[in-house]
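Enquirer: If you scroll down you'll find the structure; I have some questions about it.
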Number of protein chains: 4
Amino acid sequence: WKQITKMDFGFILLLSLIIILLGTVGSHFLEPETFPTLFDGFWWTMTTLTTVGYGDYFPVSVGGRMLGIFLFIFGIGIIGVLISKTVDSITTFQKFKREGKL
Amino acid sequence: WKQITKMDFGFILLLSLIIILLGTVGSHFLEPETFPTLFDGFWWTMTTLTTVGYGDYFPVSVGGRMLGIFLFIFGIGIIGVLISKTVDSITTFQKFKREGKL
Amino acid sequence: WKQITKMDFGFILLLSLIIILLGTVGSHFLEPETFPTLFDGFWWTMTTLTTVGYGDYFPVSVGGRMLGIFLFIFGIGIIGVLISKTVDSITTFQKFKREGKL
Amino acid sequence: WKQITKMDFGFILLLSLIIILLGTVGSHFLEPETFPTLFDGFWWTMTTLTTVGYGDYFPVSVGGRMLGIFLFIFGIGIIGVLISKTVDSITTFQKFKREGKL
Ligand SMILES: [K+]
Ligand SMILES: [K+]
């Protein structure tokens with residue numbers, strides 16, 4: 001059971017990294033004027049996947065917006081699971097520590 | 001059981017598409033100055049339903065804002081369920097593949 | 001059981017309406033320059049509680065921002081429950097209809 | 001059991017306060033031009049952790065954005081749990097009151 005959970009976390013993390021990479025590289029190459037550096041594309045991808053959406057960066061072309069909608073549908077959920085699993089790990093770690101199991 | 005889940009996913013998807021269509025067409029016709037093309041209305045609808053809200057588009061009229069609030073109340077939850085079911089499908093697919101069932 | 005669920009929905013709805021009213025009236029009176037009409041305050045409250053946050057309206061005074069943070073902590077969760085219960089109602093209604101119970 | 005839940009709430013609250021403090025102090029010192037006062041840093045931290053993201057404040061430096069991404073990954077989930085536990089407390093309080101247990 002522990003094994004499965006660990007593998008699932010690894011799978012979610014891998015999928016998240018692939019989606020973040022797609023957003024970073026895709027935005028920079030589809031709209032170099034909007035996302036002048038790869039770091040700008042990465043920053044936009046992170047603000048998008050977490051749904052913070054400051055509005056300092058956003059795509060304006062059809063291709064860029066299609067990438068955005070891809071991130072919405074396939075990325076927001078995956079990052080949400082990753083963030084929720086991160087919180088679970090922290091609270092479980094604390095519970096174990098408190099109970100003297102660590 | 002599988003049948004029911006499949007129907008539920010179909011129902012959620014259909015409802016999502018209807019709400020996205022309402023947002024796209026509604027915004028463009030209620031505020032053509034704010035949403036000059038149907039694709040602009042579609043892009044605003046998607047940024048709204050996912051709660052990303054970049055702020056590159058937003059309604060300014062009473063009618064447009066009422067449409068926005070309709071999308072908030074009836075759309076955000078439906079899209080949330082759709083995104084969460086999409087993630088479930090991906091993780092289930094991966095689990096089945098790993099276990100050699102596919 | 002049905003009774004309790006119904007009462008809970010009513011309680012959540014009542015709480016939501018009180019919080020929306022507080023945000024609407026509070027923002028307009030704390031910062032009349034930022035929120036010139038009550039409808040502007042209502043629109044900002046709704047974009048805040050749903051975490052869409054277009055950025056067309058936001059408080060700039062200490063009082064207005066404290067109201068914002070109050071809405072974040074006590075409102076986002078309540079509206080989230082209301083939206084999720086609305087989705088549940090729609091899917092349950094559809095399930096009942098399909099099964100011929102309605 | 002009650003004891004554990006209470007401790008968990010305390011732990012989540014403590015973690016939230018630490019993350020809010022890190023965001024407030026970190027943003028102000030990493031980017032004093034963007035966040036001129038500690039209260040500006042606090043306001044940006046709260047709009048970020050709740051994913052409202054008005055866009056009135058956002059980091060522009062590499063360090064500031066790294067702090068933002070830290071808040072995304074470790075903060076959004078924790079604040080989400082805090083907000084959801086706050087809602088639970090309110091509904092439980094109401095249920096107890098209604099049932100005459102308070
Ligand atoms: K947002
Ligand atoms: K936003």
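The values are calculated or read from the model by the stated rules, or taken from the named source; none is laboratory data. Bear in mind the structure is a predicted one, so any value in this text is a computation, not a measurement. No Cβ is skipped: glycine too gets one built from the backbone with ideal geometry, and neighbour counts run over all protein chains shown.
Enquirer: Name the one entry in A:GLY53, A:GLY26 that is within 15 Å of ligand 1 (Cβ to nearest atom), modelled with pLDDT of 95 or more, farther than 17 Å from B:THR86 by Cβ and not basic (Lys, Arg).
Expert: A:GLY53
Enquirer: Give all pairs with beta carbons closer than 6 Å in which a residue from segment D:53-73 that is free of Cβ contacts under 8 Å to residues at least 60 places away in the same chain meets a residue that is of a type in the set (Ser, Thr, Tyr) and within 16 Å of ligand 2 (Cβ to nearest atom); count only pairs at least 6 apart in sequence or on separate chains.
Expert: D:GLY53/A:TYR54; D:GLY53/D:THR47; D:TYR54/D:THR47; D:GLY55/A:TYR54; D:PHE58/A:TYR54; D:LEU71/D:THR48; D:PHE72/A:THR50
Enquirer: Also: Checking the structure you have, find out if any residue of segment C:68-89 is on the phi > 0 side of the Ramachandran plot, out of contact with any His (no Cβ under 9 Å at 6 or more places or on another chain) and within 16 Å of ligand 1 (Cβ to nearest atom). Please lay out each step first, then the result.
Expert: Taking segment C:68-89 and keeping what is on the phi > 0 side of the Ramachandran plot, we get none.
No, because not a single residue in segment C:68-89 is on the phi > 0 side of the Ramachandran plot, out of contact with any His (no Cβ under 9 Å at 6 or more places or on another chain) and within 16 Å of ligand 1 (Cβ to nearest atom).
Enquirer: Another one. What's the number of the condition D:PHE39 fails, among (1) free of Cβ contacts under 8 Å to residues at least 40 places away in the same chain; (2) assigned to a helix (DSSP H, G or I); (3) within 10 Å of chain C (Cβ to nearest Cβ); (4) surrounded by 19 or more Cβ atoms within 10 Å (Cβ to Cβ)?
Expert: All conditions pass for D:PHE39, except number (4).
Enquirer: Hey, another quick one. Say whether the condition of being of a type in the set (A, V, I, L, M), over 21 Å from D:ARG65 (Cβ atoms) and touching a Gly at 6+ places or on another chain (Cβ under 7 Å) is met by at least one residue in segment A:70-90.
Expert: yes
Enquirer: Of the conditions (1) of a type outside the set (Val, Ile, Thr); (2) surrounded by 14 or more Cβ atoms within 10 Å (Cβ to Cβ); (3) without any contact (Cβ under 8 Å) to a residue 40 or more places away in the chain, A:LEU82 fails just one. Which one is it?
Expert: With (1) of a type outside the set (Val, Ile, Thr); (2) surrounded by 14 or more Cβ atoms within 10 Å (Cβ to Cβ); (3) without any contact (Cβ under 8 Å) to a residue 40 or more places away in the chain applied to A:LEU82, the lone miss is (3).
Enquirer: A further question on this structure: Going by the conditions given, is B:SER84 within 18 Å of the chain's Cα centre (by Cα), of a type in the set (Ser, Thr, Tyr) and modelled with pLDDT of 95 or more?
Expert: The answer is no for B:SER84.
Enquirer: Return yes when D:THR50 is within 14 Å of chain C (Cβ to nearest Cβ) and either exposed (fewer than 13 other Cβ atoms within 10 Å of the Cβ) or farther than 25 Å from B:THR48 by Cα (or both) and no when it is not.
Expert: Details: within 14 Å of chain C (Cβ to nearest Cβ): yes; either exposed (fewer than 13 other Cβ atoms within 10 Å of the Cβ) or farther than 25 Å from B:THR48 by Cα (or both): no.
Spelling it out, it is not the case that D:THR50 is within 14 Å of chain C (Cβ to nearest Cβ) and either exposed (fewer than 13 other Cβ atoms within 10 Å of the Cβ) or farther than 25 Å from B:THR48 by Cα (or both).
Enquirer: Follow-up question, since we're still on this one. From the set of residues in segment A:54-71 that are facing another protein chain (nearest Cβ under 7 Å) and in contact with a helix residue (DSSP H, G or I) (Cβ under 6 Å, 6 or more places away or on another chain), which is nearest to ligand 2 (Cβ to nearest atom)?
Expert: Only one residue fits best here, namely A:TYR54.
Enquirer: Determine if segment B:20-27 includes at least one residue that is in a helix (DSSP H, G or I), small (Gly, Ala, Ser), away from ligand 2 (no atom under 16 Å from the Cβ) and surrounded by fewer than 16 Cβ atoms within 10 Å (Cβ to Cβ). If you could, list the steps in order and put the result at the bottom.
Expert: Here is the first cut: in segment B:20-27, the residues in a helix (DSSP H, G or I) are B:20-27.
Of the ones still in play, those that are also small (Gly, Ala, Ser) are B:23, B:26-27.
If we keep only those that are away from ligand 2 (no atom under 16 Å from the Cβ) too, we end up with B:23, B:26-27.
Now drop any that are not surrounded by fewer than 16 Cβ atoms within 10 Å (Cβ to Cβ), which leaves none.
Within segment B:20-27, not a single residue is in a helix (DSSP H, G or I), small (Gly, Ala, Ser), away from ligand 2 (no atom under 16 Å from the Cβ) and surrounded by fewer than 16 Cβ atoms within 10 Å (Cβ to Cβ).
Enquirer: For segment B:83-102, which positions are of a type in the set (A, V, I, L, M, F, W, C) and more than 8 Å from every other protein chain (Cβ to nearest Cβ)?
Expert: Of segment B:83-102, the ones of a type in the set (A, V, I, L, M, F, W, C) are B:83, B:87, B:90, B:93, B:96, B:102.
If the condition is that a residue be of a type in the set (A, V, I, L, M, F, W, C) and more than 8 Å from every other protein chain (Cβ to nearest Cβ), then B:PHE93, B:PHE96, B:LEU102 are the ones that fit.
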